[in-house]
Amino acid sequence: MENPSEHAFAPAERAAVYRTIFNRRDVRGQFLPTPVPDEVLGRLLMAAHHAPSVGFMQPWNFLLVRSPEIKQRVRQAFAKAHAEAALMFPEGKREIYSQLKLEGIVESPVGLCITCDRERTGPVVVGRTHIRTMDLYSSVCAVQNLWLAARAEGLGVGWVSIFNQAELQQALGIPPEIVPIAYLCIGYVSHFHDRPELEKAGWLPRLPITDLLYYDQWGQTDPEQQETLTATLAAMQDDIQQRGAFPE
């Protein structure tokens, strides 16, 4: 009988994957001016380019930003949206929001905008016939691939999402039909936080995964045959929260 685990990675390799996932952070304020070598940047971009995509349409483009002038344009677009966003929160949250560092556009050595060309392979795409947004999700997968690869390389990444889309397109010369998915700040950092900054700042807590898990039907929780999985997840999350790392 075929061994179902024969395709698994070796234990050390598997542990490295989980370590990368659980130590990934959204970096805002710890960037160093150290340049990112092209060889390293090339590995990140290649990892992003090997993300899964609906219909294998590969809808992404990668727009690198190194020019201080262009970074300032992007920073100005952020600043305008940031001021607008602050007014959307209730007064108590607004004070916390105003104290958060939410970007490193100028400080990071490299900016990268990952986009989605929704017409790249024509109007009919395998797998996108009924859920049109699958191409957008594909570009998000490219973001995550790059983010995890960057963490493994010791690089910090910050996803800046507070923009008016049209103003970001204008700052970067992106045509109106091309959708900016993520503006990323990339660079070496002084340190990584042990927990996400918004969690440490008290903005929101990490939700218990057992509250988010249903079985077979929406809202159906913990049938008798699934007790072991629920208990395993609860113990695992408790361990992660206490130790700040994925259990070995």
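The values are calculated or read from the model by the stated rules, or taken from the named source; none is laboratory data. Here the structure is a predicted model, which is why all the values come from computation and not from measurement. Note that each Cβ is placed from the backbone with ideal geometry, even for glycine, and that neighbours are counted across all protein chains shown.
I'd like to know if region 140-159 contains one or more residues that are of a type in the set (Phe, Trp, Tyr), free of Cβ contacts under 8 Å to residues at least 60 places away in the same chain and not in a helix (DSSP H, G or I). Write out each step before concluding.
Let us first name the residues in region 140-159 that are of a type in the set (Phe, Trp, Tyr), namely 147, 159.
Next, from what is left, pick out any that are free of Cβ contacts under 8 Å to residues at least 60 places away in the same chain: none.
Checking region 140-159: not a single residue is of a type in the set (Phe, Trp, Tyr), free of Cβ contacts under 8 Å to residues at least 60 places away in the same chain and not in a helix (DSSP H, G or I).
Results for (1) modelled with pLDDT of 95 or more; (2) touching a Cys at 6+ places or on another chain (Cβ under 8 Å), shown as yes or no for each residue.
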site: Pro52; (1), (2): yes, yes
site: Leu63; (1), (2): yes, yes
site: Arg66; (1), (2): yes, no
site: Ile70; (1), (2): yes, no
site: Ala83; (1), (2): no, no
site: Leu87; (1), (2): no, no
site: Leu102; (1), (2): no, no
site: Val110; (1), (2): yes, yes
State the number of residues belonging to region 1-52 that are closer than 26 Å to Leu102 by Cβ and exposed (fewer than 10 other Cβ atoms within 10 Å of the Cβ).
1
Region 174-208 - residue that is among the hydrophobic types (A, V, I, L, M, F, W, C) and exposed (fewer than 13 other Cβ atoms within 10 Å of the Cβ) and, of those, modelled with the highest pLDDT:
Leu207
Taking the criterion of being farther than 15 Å from Trp60 by Cβ and touching a residue at least 12 places away in the same chain (Cβ under 8 Å), would at least one residue in region 111-118 satisfy it?
yes
Which residues, taken from region 162-173, are surrounded by 13 or more Cβ atoms within 10 Å (Cβ to Cβ) and either among the polar types (S, T, N, Q) or touching a Leu at 6+ places or on another chain (Cβ under 9 Å) (or both)?
Ile162, Asn164, Gln165, Gln169, Gln170, Leu172
Here is a list of conditions, (1) more than 18 Å from Trp159 (Cα to Cα); (2) among the hydroxyl-bearing types (Ser, Thr, Tyr); (3) modelled with pLDDT under 95; (4) assigned by TED's automatic domain parsing to the domain that holds Ile131, and Ser5 meets all of them except one; can you say which number that is?
(4)
Given the criterion under 19 Å from the mean Cα position of the chain (by Cα) and either more than 30 Å from Glu199 (Cα to Cα) or not in a helix (DSSP H, G or I) (or both), identify the matching residue among Thr115, Thr20.
Thr115
Options Phe62, Phe89: the member that is touching a helix residue (DSSP H, G or I) at 6+ places or on another chain (Cβ under 6 Å), farther than 23 Å from Leu184 by Cα and assigned by TED's automatic domain parsing to the domain that holds Ser190:
Phe89
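Please state which one of Arg66, Arg73 is out of contact with any His (no Cβ under 7 Å at 6 or more places or on another chain), over 19 Å from Val157 (Cβ atoms) and not hydrophobic (A, V, I, L, M, F, W, C). Break it down into steps so the answer makes sense when it comes.
Working: Arg66 fails: over 19 Å from Val157 (Cβ atoms).
Only one candidate passes the filter, namely Arg73.
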